[in-house]
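Right, one structure below, let's go through it.
Read-outs: derived from the displayed coordinates by stated rules, not from any lab. Keep in mind it's a predicted model, so treat the numbers as computed, not measured. Note that each Cβ is placed from the backbone with ideal geometry, even for glycine, and that neighbours are counted across all protein chains shown.
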Amino acid sequence: MMEHIVLRHREIPDLNTVDVYKKNGGFEAFKNAVTKMTAAQIIDVVKNSGLRGRGGAGFPTGTKWSFIDNKSWPHYVVANADESEPGTFKDREIMESNPFQFLEGLAIGCYAVGANVGYIYLRGEFWEIASLLDQKIAEMEKEGILGDKLFGGEYSLRLYTHLGAGAYICGEESAMLESLEGKRGQPRVRPPFPPSVGLYGKPTIINNVETFTNVPMILSKGADWYKSIGTADSAGVKIFSLSGRVRKPGNYELPFGTTFRELIYTHGGGVQDSRPVKAIMAAGASSSLILVNNDDKVLDTKMDYATVRTLGADLGSASVIIIDDTVSMDWLVNKTVHFFRHESCGKCTPCREGTYWMSTITERIREGHAKPGDVDLLLNVAKQMQGKCLCALGEFSTMAVVSGIERFPEDFRRATQPSPLPVMEGSKVR
Amino acid sequence: MSLAEKYPEEVKQILSKYPPEHKRSAVMPLLYLAQREEGYLTRAAMQDVAQIVDITATEVAALVGFYTLYHDQKGGKYRMQVCTDLPCALRGADEFMNNLCQNLGIKVGETTEDGFLTLEAVTCLAACDKAPMFQTQGPDGIKYHENMTVDRTLELINTLKKSGREVA
């Protein structure tokens with residue numbers, strides 16, 4: 001197996017200490033960038049590497065950086081450490097175990113877009129990680145990696161942590177900016193996009209923790225090296241957060257293009273009790289359900305942004321939830337809809353009302369009080385929401401509902417039958 | 001005593017993170033500070049925070065209502081927040097929660113008679129591979145407890161009660 005690029009602490013013990021990080025080439029990429037490279041050169045390297053945003057949307061990182069508006073100042077960079085998608089737990093491991101590589105990547109990003117201040121927006125639950133990062137930032141300041149007039153030049157940089165307080169929507173970039181400005185986390189109307197009008201109305205670049213953590217290695221080893229890993233569509237490595245009914249859940253850093261089968265069976269140790277895979281959610285609770293039923297063709301599908309789309313789903317942030325044949329989809333959809341109902345910010349009526357009604361109907365189905373036509377009604381509500389909300393949350397909330405009903409109709413038929421049919425194991429879990 | 005009088009250093013340090021003309025950004029960290037001792041935010045505390053960042057108390061109350069980690073009602077000394085979202089539920093979180101309720105003799109959302117613990121069901125905490133899991137929110141901040149059993153949870157509660165402080 002190849003060495004890790006992002007989760008390097010798996011090979012290098014104590015990589016979270018300054019000394020060990022420096023011994024392993026740490027901060028060289030940032031120092032080299034500030035002392036020997038122009039912003040445009042860095043952006044070119046990142047562009048040529050093929051790096052795409054790891055938060056879920058997969059937008060080309062270098063391209064995003066090149067959008068920064070140089071007519072308006074100051075510039076800001078915000079690292080998205082809000083990690084709240086059910087099934088995602090990768091940024092936590094990066095920040096806990098390889099914090100300097102993340103902070104170095106963030107620092108490079110700040111330099112590349114001319115920002116002198118960078119914020120790290122962490123979900124409020126990451127209280128301990130925030131204080132850990134505060135320590136690491138203080139150590140970098142002591143080492144002269146952060147602060148004023150760095151490396152004898154003119155560039156100055158300060159990094160600050162900022163804790164959210166429990167709101168999934170703040171992972172959406174414009175809601176995150178609102179929250180960072182001390183307001184309720186509700187998405188903004190776009191355009192304008194953050195690279196022109198972002199934090200405090202100023203040009204702002206926002207990237208996910210994992211995205212930034214790739215950058216130091218790309219600058220050190222070159223764009224061609226990074227591009228040689230993964231697939232033509234999706235360059236490099238991705239951390240797949242594997243959860244659900246597998247024997248060994250966890251984070252697995254693998255090249256894009258690795259198959260679902262390899263992830264589940266080689267790395268994840270296979271399905272619990274050796275049961276068949278019924279469905280996969282590749283992008284957490286926001287996923288369309290991929291119909292598997294142990295179909296070899298699906299299990300052998302390569303995981304990159306373009307190929308997963310051929311299965312009628314998205315790779316998103318690669319939060320891969322494995323669902324076995326003991327789980328009934330009406331139970332699952334009730335869970336996901338409950339989540340989105342709780343997390344809807346309430347700004348757009350279709351999302352606020354739609355998630356409420358979807359939750360009410362799925363609850364009714366789960367409790368055995370379904371009315372005739374409830375499944376059609378549920379599908380109808382979901383489809384009416386699509387394309388009508390300011391941000392993706394409303395859209396995401398319908399994914400499991402629509403794909404669940406369309407791809408697993410039998411589960412919903414069984415759940416809405418009035419007669420005492422055998423109850424599936426997963427549906428007993430409340 | 002106002003927040004600024006009680007914690008002058010902390011308030012100063014929080015404000016220093018943001019441009020002086022955008023001090024409203026400090027409202028969220030200030031709310032955590034104001035909530036530290038009592039575990040919830042009184043009207044007076046919200047008024048205090050509002051004054052520091054120069055917004056109205058109503059605006060502060062709107063934030064407290066929006067974000068789940070701020071509380072405007074007194075709860076237990078510790079809030080035990082169990083994740084029952086999909087990935088955790090696929091690994092037994094719902095059964096864990098039910099058993100915990102039975103053992104504690106309270107329902108989800110309720111507080112134990114001695115006022116020590118409030119049990120809450122929450123959405124994803126980014127620990128899906130280590131379910132069943134919960135976080136405790138208390139006087140010493142927020143801590144994660146992963147790969148938990150009911151027995152170990154009861155043990156933890158006892159230790160917390162005895163020490164008066166949380167252990168890792």
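At-a-glance table
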{"item": "Pairwise label distance in nanometres, B:Lys107 with A:Asn70, each label 7 Å out on the Cα-Cβ vector", "result": "6.3"}
{"item": "Magnitude of the charge dipole, segment A:1-147, Cβ model with Lys/Arg +1 and Asp/Glu -1, debye to 20", "result": "580"}
{"item": "Pair-distance profile P(r), taking every C-alpha pair of segment A:192-236, with 10 angstrom steps and integer %", "result": "24, 34, 28, 13"}
{"item": "If the convex hull is drawn through the Cα atoms of segment B:8-151, its volume per residue in Å³", "result": "123"}
{"item": "Dipole moment magnitude, nearest 20 debye, chain A about Cα centre, only Lys, Arg, Asp, Glu C-beta charged", "result": "580"}
{"item": "Highest to lowest packing among A:313-326, A:57-70, scored as the average C-beta count within 10 Å", "result": "A:313-326, A:57-70"}
{"item": "Shape metrics for segment A:244-380, restricted to C-alpha atoms - Rg then Dmax, Å", "result": "16.4, 47"}
{"item": "Low-density loop positions, chymotrypsin sites (Phe, Trp or Tyr not before Pro), segment B:21-105 - DSSP coil, at most 16 other Cβ in 10 Å", "result": "B:Tyr40"}
{"item": "Efficiency of FRET from Cβ geometry, A:Lys221 and A:Arg247, R₀ 45 Å, rounded to 0.05", "result": "0.85"}
{"item": "Mean Cβ neighbour count within 10 Å, used as a protection proxy, ranking B:13-24, A:174-185, A:296-307 highest first", "result": "A:174-185, A:296-307, B:13-24"}
{"item": "Efficiency of FRET from Cβ geometry, A:Lys149 and A:Thr63, R₀ 41 Å, rounded to 0.05", "result": "0.85"}
{"item": "Inter-chain Cβ neighbour average for residues B:110-119, partner chain, 10 Å", "result": "0"}
{"item": "Share, in percent, of DSSP beta bridges within chain A that are antiparallel, nearest 5", "result": "45"}
{"item": "FRET efficiency, A:Thr310 to B:Ser163 (Cβ-Cβ, R0 56 Å, nearest 0.05)", "result": "0.50"}
{"item": "Average beta carbon contacts from partner chains per residue of A:119-126, 10 Å cutoff", "result": "4"}
{"item": "Cα-based Rg of segment A:70-220 normalised by 2.2 N^0.38 Å, two decimals", "result": "0.99"}
{"item": "Kyte-Doolittle mean at least -1.0, axial Cα span of 18 Å or more - DSSP H helices of chain A", "result": "A:99-112, A:127-142, A:209-221, A:329-343, A:349-366, A:392-407"}
{"item": "Two-site label geometry, A:Ser131 and A:Asp14: point separation in nm, points 7 Å out along Cα→Cβ", "result": "2.4"}
{"item": "Volume of the Cα convex hull of the protein assembly as shown, divided per residue and given in Å³", "result": "153"}
{"item": "For residues of B:87-96, the mean tally of beta carbons on other chains within 10 Å", "result": "6"}
{"item": "Mean Cα-pair separation over length for chain A, i.e. relative contact order, pairs under 8 Å, 6 or more apart, %", "result": "16"}
{"item": "Sequence of A:Leu7, A:Leu377 once ranked by neighbouring C-beta atoms within 10 Å, starting from the fewest", "result": "A:Leu377, A:Leu7"}
{"item": "For peptides B:126-136, A:204-214, sequence by mean Cβ density within 10 Å, most packed first", "result": "A:204-214, B:126-136"}
{"item": "For chain A, calculated [θ]222 nm from helices alone, where every DSSP H run of n ≥ 4 adds -39500 (n - 2.57)", "result": "-12000 deg cm²/dmol"}
{"item": "Cα gyration tensor, segment A:240-322 - rounded (a/c under 1.5), prolate or oblate", "result": "rounded"}
